[in-house]
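The values are calculated or read from the model by the stated rules, or taken from the named source; none is laboratory data. Keep in mind it's a predicted model, so treat the numbers as computed, not measured. In this analysis, Cβ positions are derived from the backbone assuming ideal geometry, glycine residues included, and neighbour counts consider all displayed protein chains. Each accessible area value is taken on the protein alone, full model and side chains, heavy atoms only, with ligands, DNA and RNA left out. Shrake-Rupley method; radii C 1.70, N 1.55, O 1.52, S 1.80 Å.
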Amino acid sequence: MVVTRRKAAALVLVAMATLGAGAAPATAGATAAVSGPGVGPGPGPGIAVAPEADVSHHGHVLLWGSGLGVWMRSENRGPSNLADVTVRVRTSVPLVGRQEIPENCMQTGRQTVLCRTGELRADGAEEARRRQFAFELQLAGKPDEVVVRIDTLWNGGATDRNPRNDDHEVLAPATGDEYVF
């Protein structure tokens, strides 16, 4: 069967309408390919479809004196596995000195810490679907409150149809109480 460029474009539009713009089939790493004379860049997959995953971050923060405790769980509800996710934690008050944080985290500025989750599988055991972090940050002075922003900086290019559960802003007054996100 010969597929012209016009027919190939129509097939792509039908696939996008069926799956939704930016959506991916339920299989991990799936690609759609259109091939034939005059179509695509050559042999092999002509069109790659981004995987779809539902990344979420939940936990709590706690402010006392100049210390800010962060407890966080990141997970993937699928349908695609993710090789790695980068979680960003930003504070409204600058961090002071060198922070003692987990080895898979790093301070990237005066107010930002990034953490790598490693692989987040969409299926299988709960441990393979989620990663937990706990660390204490030292803030400049003894603020009365701090705003903590938690979000996904990078998820391997996956489409996330529910970004509300991985983008949080928490106001933490210096009460020593836990503020949940």
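Here is a yes/no grid of residues against (1) outside any strand (DSSP E or B); (2) surrounded by fewer than 18 Cβ atoms within 10 Å (Cβ to Cβ); (3) touching a Ser or Thr at 6+ places or on another chain (Cβ under 7 Å):
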{"site": "V93", "(1), (2), (3)": "yes, no, no"}
{"site": "M106", "(1), (2), (3)": "no, yes, no"}
{"site": "L114", "(1), (2), (3)": "no, no, yes"}
{"site": "G118", "(1), (2), (3)": "yes, yes, no"}
{"site": "D123", "(1), (2), (3)": "yes, yes, no"}
{"site": "E136", "(1), (2), (3)": "no, yes, no"}
Within segment 55-68, work out how many residues are among the small types (G, A, S) and within 27 Å of D160 (Cβ to Cβ). 2
Flagged in segment 63-88 as assigned to a loop (DSSP other than H, G, I, E, B) and hydrophobic (A, V, I, L, M, F, W, C), in numbering order, are A83, V85
Can you tell me which residue in segment 146-178 is farthest from R116 (Cα to Cα), limited to those that are surrounded by 13 or more Cβ atoms within 10 Å (Cβ to Cβ) and in contact with a Pro (Cβ under 8 Å, 6 or more places away or on another chain)? A174
Which of the following residues is modelled with pLDDT of 50 or more, charged (D, E, K, R), open to solvent by 10 Å² or more (accessible area, probe 1.4 Å) and closer than 19 Å to A134 by Cα: R73, R77? R73
